[in-house]
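**Student:** Handing you a structure now.
No lab work stands behind these numbers, since they all come straight from the coordinates. Because the structure is a prediction, the values reported are computed rather than measured. With ideal geometry, Cβ positions are generated from the backbone for all residues, glycine too; neighbour counts draw on all protein chains shown.
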Amino acid sequence: MSTDIVKSPTRKAERLHHSQDRIEVLSFSEDATPKKKTYSDSYFQGPKEKTLEDFEELLKDANPLQDEFLTEEEKQHPWRQPLKLYYLVAVAAMGALIVGIDISLVSGAQIEYLKQFNVTNTNITGLLAAGTTLGALVGSMLSILLNDWIGRRGSLFIASIWSIGASIWEALAPSWKMLLAGRLMLGVSMGIISSTVPVLLSEAVPTAIRGAIASLYQQMVATGIFIGYIVDVIFVNIDDIGWRLMLGSTMVPALIESFAVPFQVESPRWLIKKGRIEQAEKVLLAIRLSSEHALRDLVLIRKAVEEERRMTENKNLYAELLTVPSLRRELFVGILLMLFQQFCGMNVFMYYVDYMFTDLIGISDKKAVLASLIAGFTNAVFTLPVYWVIDKYGRR
């Protein structure tokens, strides 16, 4: 039997004793009184198929906001999951590609559209490149309403259709003002996607691989950036319409997304929050390794939703972000991380790398686009290590 000390979100020390057939959780509260909970692997292996009522009885004292319950099979083979789950992951990742591809496509396209539209004002140059981020601000706020009204799947479908229209608009823009309108439109869909994909992945994926899969969003953004630079290389030598083909290429992942989303399952957590328990059970049965795992997670998610409702009843959650010291510190750290990520200059470099190579260094368009491939490749490769460390060493 092995013993590990694990961190608890409630700042209690927890000692896990792993044996062949069970996981014992000893929670030490502030008065040092241990509370023992046992979750048995053999419970899954009995001759009788377990029902929802069995799991409700087994987990009646579980606190899903604090404790995690994993079988030895899940610990030893966390990536052994149904194809339906990986289909959901792939479809969600396709949305992240839309965001990444546009970042590098506009870098290559602006070499030509600035000349064609005779744009010499640097403010307009920046506005055209960063128009999507301004639109994303609106899209991220809009996603709050969409995710609550029509769910994660519906939000992704609307965003993909919107991306198709915005991509066509950009490709056919007759002036820089119309191009800016298309950039803002595309930004709205990118804001919805950026807010929805990480939430969907974290809500649908099993605990054992949740950290790695939730990080897939950033990996696919980085991969999309690299793919976008490849597209730039393909179209850079096509006179007059090359930049239009670049910006219109965003339509490809958006088309794939729009066709694939209707066959994707909805977030089980969202379904449970809306009281659609039977639908949530069907979804979990499709994306979990066995019916026992599905029913266990159904009970835990439902208990988590009920506990969250109880804890947040008659409370202003937005106000508590500022009034509760622990939440205020976490909010402050999160904001600083995002600010430093932008101020490090990497995103600016990705948006303007081709422009800098041609205007500041003076190399040809073709060489500039080829050189940008190095930056895109490096960015994509060095996002990979997160899969090996995030679930092993934790988020912090």
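**Student:** Going by average Cβ density within 10 Å per residue, which order do the peptides 137-144, 291-298 take, highest to lowest?
**Tutor:** Highest mean packing first, the order is 291-298, 137-144.
**Student:** Another question about this same structure. At 0.36 nm per residue, and after removing the present C-alpha to C-alpha distance, how many nm does the segment from L134 to I168 gain when stretched out fully?
**Tutor:** Result for the pair: 10.3 nm of gain on full extension.
**Student:** With r defined as the distance between the Cβ atoms of V381 and R310 and R0 fixed at 51 Å, what FRET efficiency is calculated, to the nearest 0.05?
**Tutor:** That pair, V381 with R310, gives E of 0.65.
**Student:** In the structure shown, do any of K75/K315; K84/K315; K84/K303; K273/K315 have a Cα-Cα gap over 29 Å, and if so which?
**Tutor:** Distance filter (> 29 Å) returns K75/K315; K84/K315.
**Student:** With r as the distance between the Cβ atoms of T122 and I361 and R0 = 22 Å, compute the FRET efficiency 1/(1 + (r/R0)^6) and round to 0.05.
**Tutor:** Efficiency, from the Cβ-Cβ distance: 0.80.
**Student:** With viscosity set to 1.002 mPa s at 20 °C, what whole-number translational diffusion coefficient in µm²/s follows for the stretch 263-371 from Stokes-Einstein and a Kirkwood radius over Cα pairs?
**Tutor:** After rounding, the answer is 114 µm²/s.
**Student:** Q76 versus W149, label points 7 Å from Cα toward the beta carbon: distance in nm?
**Tutor:** The two pseudo-label positions are separated by 4.9 nm.
**Student:** Still on this structure: Which FRET efficiency, nearest 0.05, do L339 and T51 yield, Cβ-Cβ r, R0 51 Å?
**Tutor:** 0.55
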